[in-house]
1. Quick check on my filter: what residues within region 234-268 are outside any loop (DSSP other than H, G, I, E, B), touching a strand residue (DSSP E or B) at 6+ places or on another chain (Cβ under 6 Å) and over 20 Å from residue 105 (Cα atoms)?
2. Considering 405, 390, which residue is surrounded by 14 or more Cβ atoms within 10 Å (Cβ to Cβ), in contact with a strand residue (DSSP E or B) (Cβ under 8 Å, 6 or more places away or on another chain) and over 24 Å from residue 106 (Cα atoms)?
3. In region 167-178, which residue that is in contact with a helix residue (DSSP H, G or I) (Cβ under 9 Å, 6 or more places away or on another chain) and at pLDDT below 90 is nearest to residue 44 (Cα to Cα)?
4. Out of all the residues in region 346-355, is one or more surrounded by 14 or more Cβ atoms within 10 Å (Cβ to Cβ), in a strand (DSSP E or B) and not assigned by TED's automatic domain parsing to the domain that holds residue 107?
5. Can you tell me which of (1) farther than 30 Å from residue 41 by Cβ; (2) in contact with a helix residue (DSSP H, G or I) (Cβ under 9 Å, 6 or more places away or on another chain); (3) in a loop (DSSP other than H, G, I, E, B) is the one residue 189 doesn't meet?
6. Would you say residue 318 is assigned to a loop (DSSP other than H, G, I, E, B) and modelled with pLDDT under 95?
7. Within the group 166, 195, 201, which residue is within 21 Å of residue 240 (Cβ to Cβ) and assigned to a helix (DSSP H, G or I)?
8. Name the one entry in 319, 342 that is buried (at least 20 other Cβ atoms within 10 Å of the Cβ) and within 30 Å of residue 108 (Cα to Cα).
């Protein structure tokens, strides 16, 4: 088998340009060596071994063709999701399932939960295992977006939170490609002051590590957001916050025992924006007490009312699962979910009005169909929408993916949000059908950070480490968008500008005149 794989790798250097070439070569070699098939995972493993020994030259075409689920890194980053341990939740939401030894609202057979259980919820092992899995499937996870899920982050003990994030950074710094994972995590017995000091050291190390955490997402409730919490989030390295908004209607929120109202949603959003965070809303169509007309009306309000204006959206259509109060209501005939047709028509209408500066991350939650008693069981809802010709202008539907950069124009959209002005500066193809990159600039004289804050700078395209050729990344687009944001800030009277930079990209901003100040990268304007 090894001889067959080596011959394939050698011949692929000159004879493979597309997927058909690769399949043809696989069939030829399998027939020659009288074997059933050559698995991509086995080819990747041997390719990496030969590459590490410098016995072959890199073959990016072959790497791309062997990569499993290439969409994972076509947004320019490698998402790594990790779960916190099961911990009591401050909420009593009607729709949340509650299983033993699983975080509230999660199910033991969800893929992410199953991975976490195998790792005993340990942050170091989860992070390292995900990096290894991505590499085994042909990805280059050098630019990591760490996504911490598992319920209300803000309700966890402070010491546990520092220990958790410290070990995520430690895992990224320790991880060595082509090698075994040798767990050397920090102990939970350390004092809080020791954990905080060690976190600063690991963050500093990560600035120049091969596997850098360029973004950190935390999941929480809006009623647990306050100044103390957001400042702690920044010390941890957080750049994006996901909040379970569900719906912006007090009556429906109360009926579903959410525990907060629209006021708390608006206040949390305003505070997070003033500190520069990216904000993701979880939206739940089909909640008890709502209806398709109301769902659409309130969804529209997210982008008409300046109190909200999220940067990203996750649709989590309401489903009935065992272990929830909603399950009892459904058995009693008090709740009936939308039909597939009604739900799909609602999402089509919602997608059609999403602004170009918003990204729809998900249309459904990854709950196995066997766990859904009632509600949507369609797992490929996005593909179905595409097949129906649904037109959407959100960021995800327009991002460049592996499209080579071509002629583009820089465009600016300006809108009010939470007492400040947001500028969405984008590099689009001339017909605006493809988005190559963008920058989110916020101007807010009341911000405790700076009068101008860059909340996000992102160049789309296949994730490529610095120093390796790319179709979109590393072509100067980021530098151009950054310069445009600085000029806009200066034109509007700002004397300095801050970036809510991920730890792993601080050096990028240093090279452009920024300096670290209270967890932000800051630059004077003149």
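The values are calculated or read from the model by the stated rules, or taken from the named source; none is laboratory data. Predicted, not measured: the structure shown is a model, and the values here were computed from it. Using ideal geometry, Cβ is built from the backbone for each residue, glycine included, and neighbour counts are taken over all protein chains shown.
1. Passing the criteria: only 240.
2. Among 405, 390, only 405 is surrounded by 14 or more Cβ atoms within 10 Å (Cβ to Cβ), in contact with a strand residue (DSSP E or B) (Cβ under 8 Å, 6 or more places away or on another chain) and over 24 Å from residue 106 (Cα atoms).
3. The initial filter retains those residues of region 167-178 that are in contact with a helix residue (DSSP H, G or I) (Cβ under 9 Å, 6 or more places away or on another chain), namely 167-175, 177-178.
Narrowing the set further to residues that are at pLDDT below 90 leaves 177-178.
Working: 177: 13, 178: 11 Å.
My answer is 178.
4. Within region 346-355, not a single residue is surrounded by 14 or more Cβ atoms within 10 Å (Cβ to Cβ), in a strand (DSSP E or B) and not assigned by TED's automatic domain parsing to the domain that holds residue 107.
5. Among (1) farther than 30 Å from residue 41 by Cβ; (2) in contact with a helix residue (DSSP H, G or I) (Cβ under 9 Å, 6 or more places away or on another chain); (3) in a loop (DSSP other than H, G, I, E, B), the lone unmet condition for residue 189 is (2).
6. no
7. Values: 195 fails: within 21 Å of residue 240 (Cβ to Cβ); 201 fails: within 21 Å of residue 240 (Cβ to Cβ).
It is 166.
8. Result of the check over 319, 342: 319.
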